[in-house]
Each structure stands twice: as structure tokens, then as C-alpha cells.
1. At q = 0.15, 0.24, 0.26, 0.28 Å⁻¹, work out log10 I(q)/I(0) for segment 73-132 with the Debye formula, treating every Cα as an identical point scatterer and leaving solvent out; two decimals please.
2. Which residue, chosen from 146, 217, 55, occupies the Cα position most advanced towards the positive end of the dipole of the chain, where the dipole is computed from +1 (Lys, Arg) and -1 (Asp, Glu) charges on Cβ about the Cα centre?
3. What angle, in degrees between 0 and 90 and rounded to the nearest 10, separates the Cα long axis of helix 7-22 from the longest principal axis of the Cα atoms of the chain?
4. At q = 0.21 Å⁻¹, what is the log10 ratio I(q)/I(0) for segment 132-213, with the Debye formula run over Cα points and no solvent?
5. Would you pull out the residues with amide H under 5 Å of residue 156's amide H, same chain only if 5 or more places away, H placed 1.01 Å from N?
6. Using only Cα atoms, what is the ratio of the radius of gyration of segment 267-312 to 2.2 N^0.38 Å?
7. Taking just the alpha-carbon atoms of segment 29-108, what radius of gyration and Dmax come out, in angstrom?
8. How big is D, in µm² s⁻¹, for segment 227-313 by Stokes-Einstein at 4 °C and 1.567 mPa s if Rh is the Kirkwood radius over C-alpha pairs?
Amino acid sequence: MQRPPTLLALAALAALTLTACGGDNKDTEAPTTPADVTAQAGSSTSVHVMWKASTDDKAVTGYEVFQKDVKVKTLPGTKTMVDVDGLKPGTAYSFTVRARDKAGNLSEPSPAKAVTTPQPTPEDKKAPTTPSGLRGKLDGTHAVTLDWGKATDNTAVTSYDIYQEDSRIHSVSGTETSAKVTGLRPGTVYTFTVRARDAADNSSPDSGAVDLTTPAGEGEGPSTAPTDLTATARKGSIELSWTPPKADGDIESHELYLNGKPATTIVWGTMPEGKAKYTMTVTEPAGTRYSIKLRAKLPDGKWGDFSAQRTVVVR
């Protein structure tokens, strides 16, 4: 006569069944180790850390940046650079980076990158001169290379900060005058400027802007961004001029953004021929800085791409 299975046997059978059903789908493979980590002191209290993207059998969902054994930054998987602030002047630091996937698997730490923050010059309140001659070229659909002329400082330029519109996106050493910016979207207008920075964290004014439009991706149509935007400050007003995008049908309105936020909608019953013009009244005191961009409402009712951004100071 066959004996009924014991509780222990039933538990073992259940474990085998669960393993057979779901165990093979468990993600146990860690991402590759981030490569080519660099750590550049941007000032006496900050370091810019960057690296090459890792890969994973599923997807890299994040990065963790460590100063020795202490995690100092957590980033999404789309970011491969970060500024670590709040550091001490004249201090040696060591940074490593680890990649993480959705299942929580962590890569091995990258090789450590050592860097020493400089000592600030006492009472240094003089900013570097403005970087000159900024120019750029496209590098495929996702990257651009920027070059500029050297800035000078009463002590030394420790870094150059690259801005896309009003956001700092990259930094390089004060001895370098070029940078490659990656991770861009196809068919998009980008506006870049550069500032020089010294050890006391004094920043120069923005360089002249350079506009670059990445090529459209496969199957995408032409850019729907307004082009040739100019912004001229007058007493009590700012005069804007631009070329509307081409579309199959009439474009009757544009949305104007000031400092990254929608400010007004400019509406025409019939779109002017050639250049569009608009005068914006301003009441802020002289010296107020505006960042200006706009986009058109397309005939299908959707908003098009943003124009390049312009910066203007009220007179």
C-alpha cells in the first residue's frame, strides 16, 4: 500500500514547481562596469564626474556615484555625468561609479578616479573673461562637438561649463577648449553657450550662443521649429523676429516662453508673409535677464518643436 506524501515532501515538490515556473525568468545578470570614468575639479568645492554608458541584458536603469565607500549621487540610466558639490577646498577625493538594472543588480565598481580640489584664492571676486568664438558641429544624430577660444582670469581658469539653454550639462578642465556633448535627440534644435569658472567659483558671462539642429531620425519629417529667432532689447520693450516653420496649412499662433515658462500666445488671423514680428512690453528694471524661445501651433492642432533660445538683458 502506497503511503501518502509527507508535509516535507509536499513542500519540496512546491519549491521545485515554483522554480520550474518562474526561476528561469529571474534577472541575475549585472550590468557591465562603467568605463572611462573621469573626475575634474570644477572649483574648490565641486567635482564633475562623467563616464561611458554601461550595457545590460535588459536595461541600465540607474547609476550610483561613490566617494570612497560613501554613495554621494544616484542618477537615472540616461545620465552619464554629474556635479558633486559641497566639497572641501584643497582636499583629495576618489570617485567610483556603479551601474544598476531594474532587478537591482549592481555592476562592479569602476576603477577609482582620484582628484584634488584646488585652494581658492582669498578674496577672489573677479570672474574670468568670456570664452570667445564658440562654434559647433554635428556628430551624427545624438552628439555635437563644441570648440571655443580660451578665457583668462586673474588667478586661473579651472573649468569650462557647457550650458544647453539655461542648464549646465557638462564641464571640462580649464586647460581644454573643446567638448563633446552626447545623448541628444534627433531632429531637435539645441542652443549652447559656455562659461569659464575659477577656483573661487566665479563664473564668466555666457559666450555667444551657437544653434545646432540634429538630423531627423529615420522616418521622421522635417523640423517644425521656428528659425532665425532674434531678440532686441529696447527701452521698455523687446522686439522679436523669426521665420515660422513650413507646414501643410496655415499657422495662426505661436506660444512664447520666458525663462522656461509659457508667457503668452501670439495669434494672427492670417500669418504674415516671410518674417513674423512681435513686440513684447517689459516693466522690469534695467539689467533683468530674459531667456526667450517659442513654438508654433501646427495645422493639426499640435505644438511644434521649440526654436533656438535667445537671451536678452532689459535696458
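1. Each listed q maps to, in turn, -0.70, -1.11, -1.19, -1.25.
2. Comparing the listed Cα positions along the dipole, 146 ranks first.
3. Roughly 30 degrees, rounded to the nearest 10.
4. These q points yield log10 I(q)/I(0) values of -0.90.
5. When sequence neighbours closer than 5 places are left aside, the close amide H contacts are 199.
6. Ratio of Rg to 2.2 N^0.38 Å for segment 267-312: 1.45.
7. 12.8, 42
8. 97
Every number in this text was worked out from the coordinates using simple rules, so none of it is lab data. Treat the numbers as computed from the prediction; the structure is a model and nothing was measured. Cβ: placed from backbone, ideal geometry, glycine included. Neighbour counts: every protein chain shown.
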